[in-house]
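Single-structure report; data block below.
The values are calculated or read from the model by the stated rules, or taken from the named source; none is laboratory data. What you are looking at is a predicted structure, and each value in this text was computed from that prediction instead of being measured. Methodologically, a virtual Cβ is constructed for each residue, glycine included, from the backbone with ideal geometry; neighbour enumeration extends over all protein chains shown.
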Amino acid sequence: MRAAFCTLGCKVNQYETAALERLFAAQGFAIVPAEEQADVYVVNSCTVTAQGDRKSRRLLRRLRRKAPGAVVALCGCYPQASPQEAAAIPEADIITGSRDRAGLLSMVLAHLEDRDRPRSVRILPHEKGEPFEPLRPDTFCGHTRAFVKIQDGCERFCAYCIIPRARGPVRSKPLEELRRELDALAASGYKEVVLVGINLPSYGQDLGLRLLDAVRCACEAPGIPRVRLGSLEPELLTGADIAGMARLPGLCPQFHLSLQSGCDETLRRMRRHYDTAEYRRIAGDLRAVFPGCAITTDIMVGFPGETPEEFRASLAFAREIAFAKVHVFAYSRRPGTPADRLPGQVPEEEKACRSQEMTAAAALDRRAFLAGQVGTTARVLLENRGAAGFWEGYTPNYTPVRVTAPLCRPGELVQVLLTGAGAGWCTAVPAEHADPVQR
């Protein structure tokens, strides 16, 4: 039997898909790309935006046309957030949510055994106090770094976000389970792990722990020289957390601090839990103890009620912080969220103009950040070989690098000297080949 998986959305979804692939492979399934013919297709959905829901429905229709006799399953955040809507999708034989993902395998096996079986809809509600689901991948195809999901759920309830409904309350991976997973990844040869979660800094709230405890556990894991963090809600990082992380030599100095807006009035309407003064302080604390670190972010434009003056304030704050990289996106109405009902919805044309202006400003800061890396040395994790013969990889602060190192292999850590900067990457040479004047 052949099974194919299609993943939409975030790194947590990618981790969970990899874990499902491991379960299916252990049952004897051959895991094949979604472009190939398979007996089973699984769509692991994203519901952050209404467009994400549409993508899932389009993908299900395409798979059903391609393989009318296959078992097609829909799982993940979309059914969990909109169970009635998802249950009405005719192309899916199996519909399940974001709880008890391991149960998907038994549902698929039942349908393969009885092809005339009625459609199965099993969407379990999330409950306060439910445990962290112990899923674990054993490989990440095409990736030289491994994702490690340590947290699930969110209780922040931002005005534009459906995810608390899709993911339920905060749950955290016990440290002993994390240690076992890290040992297995080290044995598989991974040199870098990325700790991810739905609301990563809330790790440990249900266990009497803090994110720092999980980061320390990862940095102390034998055979894992680099540990990176996923997206962070800034206000959950205390000064003690930052000082503690600075004492962990394996932690990569790149921090994705979710901003969303650089205007306090907009942040209040978004129901974010910080203001620009607090964000500025946290960014400053990180830069003080991690010299040369990269601070990256997400910025939303066109949130309901965002005036031209508020947009200008957000733009000015972004330029003040001087991010290493910014993901700019326009607000998209999401039914079921408070923001969808707010007055002052910004016209699409205006959102597009603001996106272009914010993106252009972010590009200037990106170029400045990359230019500032020239002349530094760093260890680069090599990922793939470019067409021109150079290797592509990333430094600890996530600077993308193109380096000429012909005798290397993917997943190898190489010390390099960064010699030049382009619009989206830096060039480098192996440090031992650098001109002494350049060092």
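With the requirement that a residue be farther than 23 Å from Cys161 by Cα, touching a Phe, Trp or Tyr at 6+ places or on another chain (Cβ under 9 Å) and assigned to a helix (DSSP H, G or I), what does the range 261-301 give you?
Arg280, Ile282, Ala283, Leu286
Give Arg280, Arg354, Arg312 a once-over and let me know the one that is modelled with pLDDT of 95 or more and either touching a strand residue (DSSP E or B) at 6+ places or on another chain (Cβ under 9 Å) or of a type in the set (S, T, N, Q) (or both).
On the way: Arg280 fails: either touching a strand residue (DSSP E or B) at 6+ places or on another chain (Cβ under 9 Å) or of a type in the set (S, T, N, Q) (or both); Arg312 fails: either touching a strand residue (DSSP E or B) at 6+ places or on another chain (Cβ under 9 Å) or of a type in the set (S, T, N, Q) (or both).
The match here is Arg354.
Look through the range 202-240, keep the residues that are at pLDDT 95 or above, part of a helix (DSSP H, G or I) and not hydrophobic (A, V, I, L, M, F, W, C), and return whichever of them is farthest from Ala186 (Cα to Cα).
Ranking the candidates gives Ser202 first.
What's the total number of residues in the range 384-401 that are surrounded by 20 or more Cβ atoms within 10 Å (Cβ to Cβ) and not hydroxyl-bearing (Ser, Thr, Tyr)?
At the first step, the residues of the range 384-401 found to be surrounded by 20 or more Cβ atoms within 10 Å (Cβ to Cβ) are 391, 393-397, 399, 401.
Still in the running and not hydroxyl-bearing (Ser, Thr, Tyr): 391, 393, 396-397, 401.
Result for the range 384-401: 5.
I'd like to check something: does the range 136-145 contain any residue that is outside any loop (DSSP other than H, G, I, E, B), crowded, with 16+ Cβ neighbours inside 10 Å and either touching a residue at least 60 places away in the same chain (Cβ under 8 Å) or out of contact with any Leu (no Cβ under 6 Å at 6 or more places or on another chain) (or both)? Spell out how you get there, then give the answer.
Here is the first cut: in the range 136-145, the ones outside any loop (DSSP other than H, G, I, E, B) are none.
No: the range 136-145 contains no residue that is outside any loop (DSSP other than H, G, I, E, B), crowded, with 16+ Cβ neighbours inside 10 Å and either touching a residue at least 60 places away in the same chain (Cβ under 8 Å) or out of contact with any Leu (no Cβ under 6 Å at 6 or more places or on another chain) (or both).
If we only count strands (runs of 3 or more DSSP E) wholly inside the range 1-100, which ones have 1 or more residues that are over 23 Å from Arg117 (Cα atoms)? First the steps, then the outcome.
Values: elements: 2-7, 30-32, 40-45, 71-76, 94-96.
Because the criterion is at least 1 residues that are over 23 Å from Arg117 (Cα atoms), the strands (runs of 3 or more DSSP E) in the range 1-100 that meet it are 2-7, 30-32, 40-45.
Residue by residue through the range 138-154, note down the ones that are out of contact with any Gly (no Cβ under 9 Å at 6 or more places or on another chain) and modelled with pLDDT under 90. Step through it out loud before you land on a result.
Filtering the range 138-154 down to residues out of contact with any Gly (no Cβ under 9 Å at 6 or more places or on another chain) leaves 138-143, 146, 148.
Residues satisfying the conditions are Asp138, Thr139, Phe140, Cys141, Gly142, His143.
Would you confirm whether any residue within the range 260-276 is touching a Cys at 6+ places or on another chain (Cβ under 8 Å), among the basic types (Lys, Arg) and assigned by TED's automatic domain parsing to the domain that holds Ala318?
For the range 260-276, residues touching a Cys at 6+ places or on another chain (Cβ under 8 Å), among the basic types (Lys, Arg) and assigned by TED's automatic domain parsing to the domain that holds Ala318: present.
Within the range 402-411, which residues are crowded, with 16+ Cβ neighbours inside 10 Å and under 21 Å from Ser188 (Cα atoms)?
Scanning the range 402-411 gives Cys408, Gly411.
Here is a check on your reading of the model: is Pro79 of a type outside the set (Val, Ile, Thr), under 30 Å from Phe303 (Cα atoms) and in contact with a helix residue (DSSP H, G or I) (Cβ under 9 Å, 6 or more places away or on another chain)?
Working: of a type outside the set (Val, Ile, Thr): yes; under 30 Å from Phe303 (Cα atoms): yes; in contact with a helix residue (DSSP H, G or I) (Cβ under 9 Å, 6 or more places away or on another chain): yes.
Answer is yes for this residue.
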